[in-house]
């Protein structure tokens, strides 16, 4: 075997650099923009009523902006969601992006106008995320809402649930949809440090449930509430983490959760409870996705999963 020459080393270094550049280009320009995955889950939670079959579609973390999440791309997501024919569609927060890599903000009237085309017989409901609060300078100054994102949604007749519960019914069988206010909404100075203070009130939200037997689904932007969620909740749906945005072999090196990878992505089961954390659709801070393509989540409750998970390319 011949020894390595300097030319061999330069060629190897060049190959690694080219590979890294191609991987970076894929993570910035292809996976975040051109791949749109539908993550399908089917489960029957404990004490779920026999015969109640419910399909929920979930859209999380749009972070609308140009060039990464244009109004046209939101329109494609809406069309793909409608094709899933959900009974109810839920929006899990973080609707706009204001990071330094954007070329233009997508105004609320644009992205909310597209979301207004969502179709579900039992309705479309939203909760707010931390960036919906953090990026609203006036709401932060007041240290209270309503935030502009909420107004954009409500102008398009999409209800926003902040520590509120709504009673719905499918085929005559009732269930509850609960929306939690954001857990990191208000930024405050504590000495020389900045900390986030939540507006969430889980006990007050749970107290609005009047049926003892009807199941309940909780919408919470951040998954970190999960250890406090009681057995009364059949399923928790969350976003916020983006699956870490970079995910290799089921591991994300950086997850915006105090629990790290424990609640980073997917179907989490703890204490006979279930939570599904969406990988989301947009990007925060850095416009890159690798190993966690943008996704719409569809959950079939009271169903058995039939077939493989589909993937949609726009």
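Worth pointing out:
- Of all residues in the range 257-272, those satisfying the criterion of being in a loop (DSSP other than H, G, I, E, B) and either loosely packed, with under 15 Cβ neighbours inside 10 Å or modelled with pLDDT under 95 (or both) are 258, 259, 271, 272.
- Count of the range 72-90 residues which are surrounded by 17 or more Cβ atoms within 10 Å (Cβ to Cβ) and touching a helix residue (DSSP H, G or I) at 6+ places or on another chain (Cβ under 9 Å): 6
- The set of residues in the range 89-125 that are in contact (Cβ under 8 Å) with a residue 60 or more places away in the chain and under 18 Å from residue 162 (Cα atoms) comprises 90, 91, 92, 93, 94, 125.
- If the condition is being modelled with pLDDT of 95 or more, surrounded by fewer than 23 Cβ atoms within 10 Å (Cβ to Cβ) and not in a strand (DSSP E or B), then the range 273-291 contributes no residue at all.
- Of all residues in the range 71-105, those being in contact with a strand residue (DSSP E or B) (Cβ under 8 Å, 6 or more places away or on another chain), part of a loop (DSSP other than H, G, I, E, B), at pLDDT 95 or above and under 21 Å from residue 242 (Cα atoms) number 3.
- Considering (1) part of a helix (DSSP H, G or I); (2) out of contact with any strand residue (DSSP E or B) (no Cβ under 6 Å at 6 or more places or on another chain), the lone condition that residue 111 does not fulfil carries the number (2).
- Within the range 133-152, being within 25 Å of residue 207 (Cβ to Cβ) and buried (at least 18 other Cβ atoms within 10 Å of the Cβ) holds for 133, 145, 147, 150.
- Check on residue 207, within 20 Å of the chain's Cα centre (by Cα) and within 30 Å of residue 168 (Cα to Cα): no
- Boolean, residue 128 is in a loop (DSSP other than H, G, I, E, B) and either closer than 23 Å to residue 67 by Cβ or under 18 Å from the mean Cα position of the chain (by Cα) (or both): yes
- If you go through the range 189-247 and keep only what is at pLDDT below 95, outside any strand (DSSP E or B) and either touching a helix residue (DSSP H, G or I) at 6+ places or on another chain (Cβ under 6 Å) or exposed (fewer than 12 other Cβ atoms within 10 Å of the Cβ) (or both), you end up with 191, 192, 211, 212, 213, 231.
- Test: residue in the range 131-146 that is within 24 Å of residue 54 (Cα to Cα) and touching a helix residue (DSSP H, G or I) at 6+ places or on another chain (Cβ under 7 Å): no
- The set of residues from the range 146-160 being without any contact (Cβ under 8 Å) to a residue 40 or more places away in the chain and either in a loop (DSSP other than H, G, I, E, B) or on the phi > 0 side of the Ramachandran plot (or both) comprises 146, 147, 159.
The values are calculated or read from the model by the stated rules, or taken from the named source; none is laboratory data. As the structure is a computational prediction, the values presented were derived from the model and not from experiment. No Cβ is skipped: glycine too gets one built from the backbone with ideal geometry, and neighbour counts run over all protein chains shown.
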